[in-house]
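Asks: Sharing a structure below in structure tokens format, with a few things to ask.
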Amino acid sequence: WNARWESGAQTEFASEIVPPTSAVESGHAYRARVRMQDATGHWSHWSEPIQFIASAATSSKLVESLRISELHFHPADAFQAEVSAGFNAADDFEFIELVNIGDTTLDLSGAELVRTDLNGDAQGVDFRFVDGAITELAAGDRLLVVEDLDAFRFRYGDDLPVAGQWNGALSNGGEQITLLGDGFQIHQFSYDDRWHPAADGDGPSLELIDATN
């Protein structure tokens, strides 16, 4: 059979495994099987299947725990060393930070930033975490999605957890940002460069005061 999802080998026993919602579709029938490995490395046969029909989700771990925590929509202008390295525009250094406010690791395969149409204007950025370099986020951890990965690393270093580059760009004046999780809307808000003038090109970013609210 062709598996829609596989957990991979588990190093610790768990009585329950929850596949990501992106692995199933509402109203479709699925069968789940497991097998065990003994201390010598030998695998058992696959178990008899458990069949179920997926129902529509009412929420998800992503909705409960994934949050946008920081938005750098208008960074400071490029320094001379950055210009010499080929990064001429301040927009090259834009980023969005996200945080897991929950108490369990999140599977990010169902999360995405999406552009939306507002009065005929496409606003926000596009990024599918399933295609990114980071597909899981531990409890309390943070990650970044950026405008230009090389520019970001040149300014901020190589040690920060970057999931990848988005498509689109952030407006310096403000626009609508949308974050989806498993098809649900987690965040949709419009920022404004007048909220905190220092965030509009002087270096600071916009940070959420309390990501748990």
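Asks: Kindly provide the set of residues from the range 124-140 that are crowded, with 18+ Cβ neighbours inside 10 Å and either modelled with pLDDT under 95 or assigned to a helix (DSSP H, G or I) (or both), ordered by number.
Replies: Phe129
Asks: So which residues in the range 163-172 are in contact (Cβ under 8 Å) with a residue 40 or more places away in the chain and outside any loop (DSSP other than H, G, I, E, B)?
Replies: Ala163, Asn167, Gly168 - these are the residues of the range 163-172 that are in contact (Cβ under 8 Å) with a residue 40 or more places away in the chain and outside any loop (DSSP other than H, G, I, E, B).
Asks: Read through the list (1) in contact with a His (Cβ under 7 Å, 6 or more places away or on another chain); (2) surrounded by fewer than 22 Cβ atoms within 10 Å (Cβ to Cβ), then give the number of the only condition that Glu94 fails.
Replies: Exception for Glu94: condition (2).
Asks: Taking the range 21-52, which residues are modelled with pLDDT under 90, hydroxyl-bearing (Ser, Thr, Tyr) and surrounded by 12 or more Cβ atoms within 10 Å (Cβ to Cβ)?
Replies: Thr21, Ser22
Asks: Another question about this same structure. Could you please find all residues in the range 66-91 being among the charged types (D, E, K, R), more than 15 Å from the chain's Cα centre (by Cα) and open to solvent by less than 40 Å² (accessible area, probe 1.4 Å)?
Replies: Matches in the range 66-91: Glu82 only.
Asks: Right, here's the next one. Give all pairs with beta carbons closer than 8 Å in which a residue from the range 51-80 that is more than 30 Å from Tyr156 (Cα to Cα) and basic (Lys, Arg) meets a residue that is in a strand (DSSP E or B) and open to solvent by 30 Å² or more (accessible area, probe 1.4 Å); count only pairs at least 6 apart in sequence or on separate chains.
Replies: Qualifying pairs under 8 Å: Lys61/Asp107.
The values are calculated or read from the model by the stated rules, or taken from the named source; none is laboratory data. These numbers were taken from a predicted model, which means no experiment stands behind them. Cβ coordinates were reconstructed from backbone atoms using ideal geometry, including for glycine residues, and neighbour counts include every protein chain displayed. Areas reflect the complete protein model, heavy atoms only, side chains present, ligands, DNA and RNA absent. Shrake-Rupley method; radii C 1.70, N 1.55, O 1.52, S 1.80 Å.
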